[in-house]
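What follows is calculated from the coordinates using simple rules that are stated; it is not laboratory data. Note that this is a predicted model, so its numbers are computed, not measured. Ideal geometry is used to build each Cβ from the backbone, glycine not excepted, and the neighbour counts take in all protein chains shown.
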Amino acid sequence: MPRSLQKFLTWLHTVTFRLANGRFVGRFRSAKFLLLHTTGRKSGKDRVTPLNYCTDGADYVVIGSNGGAKRHPDWYLNLEANPKVEIELADRRIPAVAESVEGDERDRVWRIATRSWRFYDSYQRRTERDIPLVVLRPTEA
């Protein structure tokens, strides 16, 4: 998908999510969506990306599939540079720290993720890179 189209769709999903207070496009079939706030690794600006997520206990899990593209998504590169993020769900923002999941834990979390969005396995087959799994651990009391 051309980057300009991807940016437009990201903007449209973000605006729609906020206008509907997370209810209208906050769910698609069994998928749930959040808005992830990262800090741009080059610009230092707040970047907002709508992402499918699942939960693992009190943690939120997002997947850097980028639709099976050859490169990691920008939001993932941003959180590698600065793991402090915010999660936006409907009417609240939750501060969190992002951590990539590896090894046996990755296998366990991957199974949770594929139950929430069945296309992740096909995305992984499309690319040679390991699709990153990221746990967002809330930091508020």
*What single numbered condition from (1) in contact with a Lys or Arg (Cβ under 9 Å, 6 or more places away or on another chain); (2) within 14 Å of LYS32 (Cα to Cα); (3) buried (at least 20 other Cβ atoms within 10 Å of the Cβ); (4) not polar (S, T, N, Q) fails to hold for ALA90?*
(3)
*Take GLU105 and decide whether it is loosely packed, with under 15 Cβ neighbours inside 10 Å and touching a residue at least 12 places away in the same chain (Cβ under 8 Å).*
no
*How about region 85-100: which of its residues are within 17 Å of ASN52 (Cα to Cα) and not charged (D, E, K, R)?*
VAL85, ILE87, LEU89, ALA90, ILE94, ALA96, ALA98, SER100
*Is one or more of the residues making up region 33-45 in contact with a Pro (Cβ under 6 Å, 6 or more places away or on another chain), in contact (Cβ under 8 Å) with a residue 12 or more places away in the chain, under 20 Å from PRO138 (Cβ atoms) and aliphatic (A, V, I, L, M)?*
yes
_Residues (within 11 Å of LEU36 (Cα to Cα) and either among the hydroxyl-bearing types (Ser, Thr, Tyr) or more than 11 Å from the chain's Cα centre (by Cα) (or both)) located in region 50-77_ = TYR53, TYR60, TYR76
_Single condition THR127 does not satisfy, out of (1) touching a helix residue (DSSP H, G or I) at 6+ places or on another chain (Cβ under 7 Å); (2) surrounded by fewer than 18 Cβ atoms within 10 Å (Cβ to Cβ); (3) under 17 Å from THR38 (Cβ atoms)_ = (3)
